[in-house]
Amino acid sequence: MILGIDVGGTTVKFGVVSPEGEISRVKAFDTAKWVADGFVDSLKAGIKEYLTLIPEIKGVGIGWPGLLSVDRKKVILLPNIPAVYDLSIVDILNAEFPKLPVKIENDAKCATIGELYFGNIKGLDNFVLVTLGTGVGSGAVINKKLFLGARGNGMEIGHMLLEDGKSLEQNIGIQHIINYTLARIEKEKPSSVLVGKEITPKSIFEAASESDAFAVSVFDFVGEKLGQNLVSVIRVLDINTILLGGGIAGAFRFIEPMTRKTIEKYMPSYYTDKLIIAQAHLTNQVGILGAAGLLMEEISIDSGTKVS
């Protein structure tokens, strides 16, 4: 059994994961309260509580929404939790729990590991995972190895610039989709059930599900921007399997067609003949599963370091 911890801006989620990917004992803690009370002490207390209740736990994996040191010892950029900035959190936890292996990883890369170990697509040796939500996260597996980049923080495709001078995240992060939709409603006055409604990803999805042409065109916009970004990603990594996850990916059937169309418009058949764009399998508690996946077996990374 492995303790998976998913650190988020709102909550810190704990869960116990079996080798088969079954999750139990899920519990969420308020991140803001932990920050106020002392984040590191709260983290230690949470881990200790689980170890007391479940002595079968053999290791701890933690996903963080920020940049990490290449040796996977420190969190080097995490604005919402300044107490862990440049802190050797792994060494601190190893000192507190000397018999317990502890591994950390970026949250989007944890989700990628989760798909590698627990996803439902067989033979998934090379793929890119894109998580669509408040921001745009991503990770890549190349020859069954998690790709990290030279300094440990590669695959931040959400911060790649598009032709409009904005990043992908500034185009299709949740708030930006909402702003885009509101601006178009104000300008176009479309015949749409969305006019006069509160604009949220859910309301746009519900309208698209009712064949609202305007709502569908919003997801076409998302798909086009994502496709433009993925043209570069696919060219650089030479990978032709793309998984879409995160909250917005629930609208996969509306986003995928324009994503594929855009990629096919700009890329030769070498890349597109066997192009796979699929919805990520893991949705519920993917952060916990991915964090636990860090300890499923030793994972080599492309920087030459090993997460061990």
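Read the figures in this text as sums done on the coordinates, not as results from a lab. These numbers were taken from a predicted model, which means no experiment stands behind them. Note: ideal-geometry Cβ built from the backbone for every residue, glycine included; neighbour counts use all protein chains shown.
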Using the structure shown, list the pairs from LYS58/LYS99; LYS202/LYS261; LYS58/LYS103; LYS73/LYS99; LYS33/LYS73 with a Cα-Cα distance above 20 Å, or answer none. LYS202/LYS261; LYS33/LYS73
For helix 39-53, report the angle its Cα long axis makes with the longest principal axis of the Cα atoms of the chain; keep it between 0 and 90° and round to the nearest 10°. 70 degrees
Between the modelled labels at ALA45 and ASN120 (7 Å from Cα along Cα→Cβ) the distance in nm is 4.0 nm
Could you give the nm distance between label points at LYS58 and GLU210, where each point is 7 Å from its Cα heading toward the beta carbon? 5.2 nm
Rounded to the nearest 500, the 222 nm mean residue ellipticity computed for the chain from DSSP H runs (n ≥ 4, each -39500 (n - 2.57)) alone is -12000 deg cm²/dmol
Shape verdict for the stretch 122-279, please, from the Cα gyration tensor: rounded (a/c under 1.5), prolate (a/b greater than b/c) or oblate. prolate
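About its Cα centre, what dipole magnitude does the chain give when the only charges are +1 on Lys and Arg Cβ and -1 on Asp and Glu Cβ, stated in debye to the nearest 20? Please list the in-between numbers first.
Details: 31 positive and 35 negative charges, 44 e Å.
Here the size comes out at about 220 debye.
If I take R0 = 30 Å and measure r between the Cβ atoms of LYS166 and ILE142 in this structure, what FRET efficiency does the formula 1/(1 + (r/R0)^6) give, to the nearest 0.05? It would help to have the intermediate numbers written out before the result.
Details: r = 28 Å, r/R0 = 0.94.
Once the sixth-power term is evaluated, E becomes 0.60.
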Of all stretches in the chain that avoid GluC sites (Glu not before Pro) placed in a DSSP loop and having at most 12 other Cβ atoms within 10 Å, the longest is 57-162
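Trypsin sites (Lys or Arg not before Pro), restricted to the stretch 23-113: which are DSSP loop and have at most 13 other Cβ atoms within 10 Å? Spell out each step's value before the answer.
On the way: sites: ARG25, LYS27, LYS33, LYS44, LYS48, LYS58, ARG72, LYS73, LYS74, LYS99, LYS103, LYS109; in loops: LYS58, ARG72, LYS73, LYS74, LYS99.
Of the trypsin sites (Lys or Arg not before Pro), the ones in loops of the stretch 23-113 whose Cβ has at most 13 other Cβ atoms within 10 Å are LYS58, LYS99.
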R0 of 51 Å, Cβ-Cβ distance LEU100-GLN175: FRET efficiency to nearest 0.05: 0.85
The chain: most fluctuating residue of PRO257, PRO79, PRO65 per GNM, C-alpha cutoff 10 Å: PRO79
With label points set 7 Å from each Cα along the Cα-to-Cβ direction at LEU237 and THR272, the distance between them in nm comes to 2.0 nm
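In a shell of Cβ-Cβ distance under 11 Å around PHE97, excluding PHE97 itself, what net charge do Lys and Arg (+1) and Asp and Glu (-1) give? Each step should come with its number before you reach the end.
Details: positive: LYS44, LYS48, LYS99; negative: GLU96.
Computed value for this residue: +2.
According to the square roots a ≥ b ≥ c of the eigenvalues of the Cα gyration tensor, what is the shape class of the stretch 83-161, taking rounded for a/c under 1.5, prolate for a/b larger than b/c otherwise, and oblate for the remainder?
Numbers: a/c = 2.21, a/b = 1.43, b/c = 1.55.
The shape class here is oblate.
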Loop only by DSSP, 10 or fewer other Cβ within 10 Å of the Cβ. Give me the trypsin sites (Lys or Arg not before Pro) in the stretch 252-288 that pass, ordered by residue number. LYS274
Excluding same-chain residues fewer than 8 positions from LYS48, which aspartates and glutamates have a Cα within less than 19 Å of its Cα? ASP6, ASP30, ASP37, GLU56, ASP91, GLU96
Gyration tensor verdict on the stretch 229-299 (Cα atoms; rounded if a/c is under 1.5, prolate if a/b is larger than b/c, oblate otherwise): oblate
On a 0 to 90° scale, report how tilted helix 174-188 is relative to the longest principal axis of the chain, with both axes built from alpha carbons and the result rounded to the nearest 10. 10 degrees
